[in-house]
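Input: a single structure, listed below in structure tokens.
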Amino acid sequence: MKNRAKGPLADSIELYLGHKHALGKQLAKIGPMLYLLDGFLLAHGVVEVRQITPVHISGFVASRPRHSPRSYNGLIGALRGLFDWMVVHEILVESPLRCEIRRVTATRRPFLFGVEQARRLLEVAAQLPSNPRAQSRGETYKMIFALLYGLGLRVGEVSRLCRKDVDLDSQLLIIRQTKFGKDRLVPFGPKMASEITGFLQREESRFGQISPDSAVFSFYKRQRKPIGTNTISWAFHKLLPKLQLVVPSGVASPHLHCLRHSFAVGTLLRWYREGIDPMSRLFDLSTFLGHVSPSSTAVYLTITTELLECASTRFAVFAENSRKESVR
């Protein structure tokens, strides 16, 4: 709220955000949007809560054009959350929001990276040349993409990773204050341990010891300022043409978050092939990914031909065993 003129909703927004933060919600995008609404109302002569009308709110929504239904619905959801909270706390008699959400049409399936495609991504990333503003650029991006694909991390989690968050002895990553305000432990195997150990050893041999609170991935070797998520995403998209990927019909163009999708689907497929009941391990996968429930994980589990074949084989074995038991 520094250097911001306070409109009719300023105090309520502050209390609302405080309430949500106490519940572990981040609201990184919602908070600024609500303060924009407060400024909009003030600019239109609204200085008290009781003066707010549906016309004002509709005018604000119209001033924030959203081309996709999902983005538009996110805006409406942010406003509804605030006004419903104000009604519950008797700050408003009723919500002035009258805008309806838009119908979301079917979205294309995410692109899933196979093992060979992911390996090729790491190869071309390793070939990225360094420059005075980005030393050890190739090695850094190779390690970043390896974590995104190999452990299913969110790009923001990799960007914020500090040296103290990497426990090589226990082979664990400590992911702090991520989505939903939670911390979690992410174990990794010997191959990933070898890659991370090698990367850290090379970094420290060239640029000096990394302090516990410094970023693991940084192009600013003295200050260890973390590489931003947008920068990582930009590098990923720059590498895509070199991969010569074939995108099937009905599948969206590859983007960085596809690596996380690929990890989730790949894990499910591996369980099928190893004879493990995926349903018995879904809670494990959900926890590993940092989801609040398996229903959130289900969004990532795109049905593929390989998954259908594995599920069909598993059911056929189950049916045959059941038939034999009935004959007995």
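Just so you know, all these numbers are worked out from the coordinates, no wet-lab data involved. Just so we're clear, the structure is a prediction, and the values are computed from it rather than from any experiment. Neighbour counts run over all protein chains shown; Cβ positions are idealised from the backbone, glycine included.
So here's what we get for this one:
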read-out	value
Using θ = phi - 60° and Karplus 6.51 cos²θ - 1.76 cosθ + 1.60, couplings along segment 260-275 (whole Hz; Gly, Pro as x)	5, 4, 5, 4, 4, 5, x, 5, 4, 5, 5, 5, 4, 5, 8, x
Extension reserve of the I91-Y220 stretch, reckoned as 0.36 nm per residue once the Cα distance is removed	41.6 nm
Flagged links, alpha-carbon separation over 30 Å, of K142/K182; K29/K225; K182/K238	K182/K238
Label point at V55 placed 7 Å out along Cα→Cβ; residues across segment 70-99 whose backbone nitrogen lies under 17 Å	96-99
Whether segment 10-88 is rounded, prolate or oblate, judged on the alpha carbon gyration tensor where a/c under 1.5 counts as rounded	oblate
